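Undergrad: First the structure, which I've put down as structure tokens, then a few questions once you've had a look.
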Amino acid sequence: MPAVLHPVADSWPADLLVYESRAQTVVLSAALSGFLDDVETSDRRPVLLTPATSRITWAVADRLRRAGGMWAFRDSSGSLYSALSGYEVQELTELWEEPASDSRRHEAFTRKPFAGHACLSVDIYARQRADSGTVIGELGDTFLQDLDLPELAAWGVHEPATRRWNPAAMTRSIQEQMPASRPHLAVNGYNSALSTTVARTRTGLLENTRGLIWIGDYEMHRKLGGAAHIARHEQVNRALTRLAEDFRPTVAMVSLAHAVQTDYGLGQRAASRWPDEPAAVLIGAWAVRDLGLDVDDLARKHDVEHVGSRRAPSVLLRLSGPDPVWAQFVAFAHDLDEERLASALAVDFERADRGRS
């Protein structure tokens, strides 16, 4: 049987490709980015393997999620663990399986979550016109400024991002990669990072901007009310309203996230952490129209309002009630009819995914 070789992967057991790093902070380097690019066009799943003490940047975590990958770590004894759950695995293929009831858990996951930073985790899908006047990057920059945070300062496709912020230059880079771009990073130098991909659809372009935006100390925000406090925050509401007014969002979600400091901005470490909590959801005008939403009826059960254009309004849901935020989110989705909502939002996403394949 011929030997299997890979230019970047360190090993390739079963249907996996494994990238091993011994760095204390793993960044989205050219080598790691190339590894993930290659995996996304193959039939294998990626694994990032690090020491137990390593931290990964948000950009690395985001690319792993996009590629359907997993992060694993090896402790000083040589044992392997999932960096997501902390449970020991005998083989890396077990990272995608539910841990057995008697699985050992690493001690870093049995303690109270570490002190860290509070962040807004944002995930925005927006339609763009496929014409010469379209500029990619203004959506994310405007969102930051509406939160009263410093504007973007640099961009690139690897870390650290070193090119001076120039949305026209980033747009040209994205255009060269159509019909589907690789993620482009943009940072503001103050612990906030955004990642943008663009794909063609039948009617234009679909932009997906994700990000992790620093907002202070996590314990402080927990004491203020956590995600419910974020949902009611004036600047968050202003940023989402401006998004509906000045852009063409399909859907946007803002959550409260827990992060740790790395040598290159915010990220994660292999230890227990507070789970993300959804705070607000913006449903764009197209979905509102297609679903025929009765906002007055929804407002009797949920904290929702019309935002954006009066002729083509969007709907802003704030998960600000006393019930657990995920319970509020599930109840709202139920009242909208989950299948109809998924159908209304999936059209652009399906076309964008076809563009990437």
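Undergrad: R0 = 35 Å: FRET efficiency of VAL330 with ALA130, Cβ-based, nearest 0.05?
TA: Computed FRET efficiency for VAL330 and ALA130 comes out at 0.45.
Undergrad: Just to compare against my own numbers: the Cα pair-distance distribution for the range 84-153, 10 Å bins, whole % per bin, please.
TA: Histogram of Cα-Cα distances, whole percents per bin: 14, 25, 19, 21, 19, 3.
Undergrad: Hand me the GluC sites (Glu not before Pro) from the range 16-107 located in a DSSP loop with no more than 15 other Cβ atoms within 10 Å, in residue order please.
TA: On the way: sites: GLU20, GLU40, GLU88, GLU91, GLU94, GLU97, GLU107; in loops: GLU91, GLU97.
Here the GluC sites (Glu not before Pro) that fit, given the DSSP loop and packing criteria, are GLU91, GLU97.
Undergrad: Can you give the FRET efficiency to the nearest 0.05 for ASP15 and ASP75, using r as the Cβ-Cβ distance and R₀ = 25 Å?
TA: Computed FRET efficiency for ASP15 and ASP75: 0.50.
Undergrad: Could you compute the net charge surrounding THR241? Neighbours are other residues with a C-beta less than 12 Å from the C-beta of THR241; K and R count +1, D and E count -1.
TA: Counting the neighbours of THR241, the net charge comes to -2.
Undergrad: Moving on. Under the rule that an exposed site lies in a DSSP loop and has at most 15 other Cβ atoms within 10 Å, name the longest stretch of the chain with no chymotrypsin sites (Phe, Trp or Tyr not before Pro) of that kind, not counting the sites themselves.
TA: Longest stretch, sites excluded: 191-357.
Undergrad: Provide, for q = 0.07, 0.09, 0.15 Å⁻¹, the log10 of I(q)/I(0) from a solvent-free Debye sum over equal Cα point scatterers in the chain.
TA: Here log10 of I(q) over I(0) equals -0.31, -0.52, -1.44.
Undergrad: Would you check the accessible area of LEU64, probe 1.4 Å, heavy atoms only, in square angstrom rounded to 10?
TA: So the heavy atoms of LEU64 present about 10 Å² to solvent.
Undergrad: Still on this structure: Between ARG164 and ARG22, take the C-beta separation as r, use R0 = 45 Å, and let me know the FRET efficiency to the nearest 0.05.
TA: That pair, ARG164 with ARG22, gives E of 0.90.
Undergrad: A further question follows. How about the range 67-131: which trypsin sites (Lys or Arg not before Pro) there are in a DSSP loop, with at most 11 other Cβ atoms within 10 Å of their Cβ?
TA: Those satisfying the criteria are ARG111, ARG129.
Undergrad: Dipole size in debye (nearest 20) for the chain around its Cα centre, Lys and Arg Cβ +1, Asp and Glu Cβ -1? If you can, show how the numbers build up before the last one.
TA: Values: 39 positive and 48 negative charges, 134 e Å.
That gives a dipole near 640 debye.
Undergrad: Need one number: nm distance between label points at GLU97 and ARG311, each 7 Å from Cα along Cα→Cβ, rounded to one decimal.
TA: The modelled label-to-label distance comes out at 5.8 nm.
Undergrad: Provide the per residue accessible area, probe 1.4 Å, for the range 145-200, rounded to a whole number of square angstrom.
TA: 46
Undergrad: I would also like to ask the following. Where the convex hull is taken over the Cα atoms of the range 1-156, what is its projected area averaged over directions, in nm²?
TA: That works out to 13.7 nm².
Undergrad: Counting Lys and Arg as +1 and Asp and Glu as -1, what is the net charge of the other residues whose Cβ lies under 13 Å from the Cβ of THR134?
TA: Within the 13 Å Cβ shell, the charges total +2.
Undergrad: Here's something else I'd like to know. What percent of all Cα-Cα pairs in the range 86-199 falls in each 10 Å bin, counting up from 0?
TA: The calculated distribution, bin by bin, is 11, 32, 21, 20, 13, 1.
Undergrad: 7 Å from Cα along Cα→Cβ at both GLU219 and ALA153: what's the point-to-point distance in nm?
TA: The answer from the label model is 2.8 nm.
Undergrad: Oh, and also: Determine the share of the chain's accessible area contributed by carbon and sulfur atoms, expressed in whole percent, with a 1.4 angstrom probe.
TA: About 49 percent, which is the carbon plus sulfur part of the accessible surface.
Undergrad: For the chain, what does the relative contact order come out to in percent, with C-alpha contacts under 8 Å and a separation of six or more? Mind dumping the intermediate values first?
TA: Numbers: 729 pairs, mean separation 60.8, N = 357.
Relative contact order here is 17 percent.
The values are calculated or read from the model by the stated rules, or taken from the named source; none is laboratory data. From a predicted model like this one, the values you see are computed outputs, not experimental measurements. Neighbour counts run over all protein chains shown; Cβ positions are idealised from the backbone, glycine included. Calculation scope for accessible area: heavy atoms of the full protein, side chains included, ligands and nucleic acids excluded. Shrake-Rupley method; radii C 1.70, N 1.55, O 1.52, S 1.80 Å.
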